[in-house]
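Quick notes on the structure that follows.
The values are calculated or read from the model by the stated rules, or taken from the named source; none is laboratory data. Being a predicted model, the structure only gives us computed values, none of them experimental. Heads up, the Cβs are rebuilt from the backbone with ideal geometry, glycines too, and the neighbour counts pull from every protein chain shown. All accessible areas refer to the heavy atoms of the entire protein, side chains included, with ligands and DNA or RNA removed. Shrake-Rupley method; radii C 1.70, N 1.55, O 1.52, S 1.80 Å.
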Amino acid sequence: MLLKYFYDTRLAHASYLVGCQKSGEAIIIDPGRDVTPYLDAAQAKGVQIVAATETHIHADFVSGARELADRVGAKLYLSDAGPAEWMYQYAGLYDSQLVQEGDAFHVGMVKFDVLHTPGHTPESISFLLTDKGAGADAPMGIFTGDFVFVGSIGRPDLLETAAGVVGSAETGARQLYHSMRRFRELPDHLQVWPAHGAGSACGKGLGAVPSSTVGYEKLFNPALQFDDEQEFVDYILTDQPETPYYFAVMKRVNKEGPELIKNLAPVTVENPSQLSAIADKHLVIDTTAAGEFAAGHVPRTINVPTSDLVRWGGFFVDYDEPLYLIGDSGSLDDLLRSLRSIGINNVAGYFDAAAVKAAGLRTESYPSVPPLELRGRIEEGDVTLLDVRSATEYHAGDIAGAEHRFLGSLLRNMVGISKQKPVVTQCLMGGRSAIAASLLQRAGFNVIDMQRGYQAWVDAGLPIRQEAAALA
């Protein structure tokens, strides 16, 4: 048997190629939209991708299952374990098999047994893997998807917070409790292969280690230590990460069937002379580094550096409106790959950053000021201090007088922020606050970015509040 691990750091997304070397066949588990790495790996290993499957209808990235069915004729194994409203609507377009609890299928001599493990989503399934080709008569591991992670467990509230299904968070939490209890009954030796690692918004406190075992998770995973259902429900519904806006779009897209890459319209390089007029009407994201943007940028553009585009792009982009990009020469393909991984197919044009600079269009800037220089103005109330970190970070400690506005919500909600005095943006280290400064400046605010953020404030020995939750 062949097992190959793929990890997309931008999405904290893990996927897998499982191959039978005797038959020369392979399946992809929880594929991402860009299927090229799987095709390249299969060719290098001398196997043919004959199937694809996924553990549930994903909310945080576009699935590549349909893409593999179209590109190489992969048979799809898709969950039939959820309610009618969470069935795969595109399954009938391809060779597919709907599976549920108790079903099994083979790829060569590798057997996959299906377990229904609801909670993160109603249709969530896991796959027990048995290597029949090696003579095994018992499973060696389990693909858990977003059910059990290393050090954590999948959040059950996304149908409510992302898709608006009222009351589904508690229902999912209770389903998850019973799935968790079932997981604890599995043999300790089983390897655990999840679909996400640290940084994913599909759970809280995910570990950075790529795999684990059932026995280790039973000992040390905090979500697996509960024997009281209500205590578990209270735990799992508390302190979850903020839900990105685009998660609702992903649930729909992956249920209905993502558009095939070959059908997406090409994106052309635009003349910089059109940029100012476009920025007045549409969202333009400048992907250059934060420091360069702060020193000079085109008015009414926002800054999301390339490395942050997947993490934050889905919070800001309207999926139904044209989007334009500014980026370094040769970066367009990578930018499109990043945006398309979260379903942003509406990029209407691209501007070369060097050409924009040469055209003299970078006429606006904002200052980045160290905490020591800002302290007096903050304490005297001469500026408005906005803390754009997550709620969990903010509640762990903040700067006195700070107003909490989560970065992901800022573009859509600036109500109540005064334009009568400058606004200082602050995060932990300066990356998110720079993005926030660009959003606020686009909306007409006089902005200052706190250099190196809360960490620099603490390092300078300046006072903080340790219990912001009590004051929020």
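Look through G154, G133 and report the one residue that is farther than 25 Å from K251 by Cα and touching a strand residue (DSSP E or B) at 6+ places or on another chain (Cβ under 7 Å). Of G154, G133, the one residue that is farther than 25 Å from K251 by Cα and touching a strand residue (DSSP E or B) at 6+ places or on another chain (Cβ under 7 Å) is G133.
Listed by first and then second residue, the pairs with beta-carbon distance under 8 Å, at least 6 apart or on different chains, first residue in segment 121-138 and without any contact (Cβ under 8 Å) to a residue 24 or more places away in the chain, second open to solvent by 20 Å² or more (accessible area, probe 1.4 Å) and not acidic (D, E), are T130/K111; T130/A136; T130/A138; T130/P139; T130/M140. Considered as a group, the residues in segment 347-389 that are in contact with an Asp or Glu (Cβ under 6 Å, 6 or more places away or on another chain) and of a type in the set (G, A, S) include one that is nearest to L410 (Cα to Cα), and that residue is S368. With respect to being out of contact with any His (no Cβ under 6 Å at 6 or more places or on another chain), crowded, with 20+ Cβ neighbours inside 10 Å, within 26 Å of A201 (Cβ to Cβ) and at pLDDT 95 or above, V298 falls outside the description.
In this structure, does K251 turn out to be of a type in the set (K, R) and closer than 17 Å to C202 by Cβ? Answer is yes for this residue. When A14 is tested against (1) part of a helix (DSSP H, G or I); (2) under 22 Å from R337 (Cα atoms); (3) of a type outside the set (F, W, Y), exactly one condition is not met: (1).
The residues in segment 375-415 that are within 14 Å of G453 (Cα to Cα) and among the β-branched types (V, I, T) can be counted, and the count is 3. Candidates in segment 21-79 are the residues that are part of a helix (DSSP H, G or I) and in contact (Cβ under 8 Å) with a residue 60 or more places away in the chain; of these, the one that is least open to solvent (accessible area, probe 1.4 Å) is E67. Under the condition of being more than 17 Å from D60 (Cα to Cα), of a type outside the set (G, A, S) and surrounded by 17 or more Cβ atoms within 10 Å (Cβ to Cβ), the residues counted in segment 307-338 number 6. Within segment 332-350, can one find any residue that is hydroxyl-bearing (S, T, Y), in contact (Cβ under 8 Å) with a residue 24 or more places away in the chain, more than 28 Å from I399 (Cα to Cα) and part of a helix (DSSP H, G or I)? Within segment 332-350, one or more residues are hydroxyl-bearing (S, T, Y), in contact (Cβ under 8 Å) with a residue 24 or more places away in the chain, more than 28 Å from I399 (Cα to Cα) and part of a helix (DSSP H, G or I).
Restricting the first member to segment 83-100 and to residues that are modelled with pLDDT under 95, and the second to residues that are surrounded by fewer than 13 Cβ atoms within 10 Å (Cβ to Cβ) and of a type in the set (F, W, Y), no beta-carbon pair is closer than 9 Å while six or more apart or on different chains.
Taking the condition closer than 23 Å to P299 by Cβ, at pLDDT below 95 and under 29 Å from the mean Cα position of the chain (by Cα), does L407 pass? When the stated conditions are applied, L407 does not pass them. Scanning segment 5-35 for residues that are under 23 Å from P258 (Cβ atoms) and either among the basic types (K, R) or in contact with a helix residue (DSSP H, G or I) (Cβ under 8 Å, 6 or more places away or on another chain) (or both) yields a count of 11. Out of all the residues in segment 271-283, is one or more buried (at least 18 other Cβ atoms within 10 Å of the Cβ), in contact (Cβ under 8 Å) with a residue 12 or more places away in the chain and either in a loop (DSSP other than H, G, I, E, B) or on the phi > 0 side of the Ramachandran plot (or both)? Among the residues of segment 271-283, not one is buried (at least 18 other Cβ atoms within 10 Å of the Cβ), in contact (Cβ under 8 Å) with a residue 12 or more places away in the chain and either in a loop (DSSP other than H, G, I, E, B) or on the phi > 0 side of the Ramachandran plot (or both), which makes the answer no.
What residue, among those in segment 221-270 that are among the aromatic types (F, W, Y) and part of a helix (DSSP H, G or I), is farthest from D318 (Cα to Cα)? Across segment 221-270, the extreme among qualifying residues is F232.
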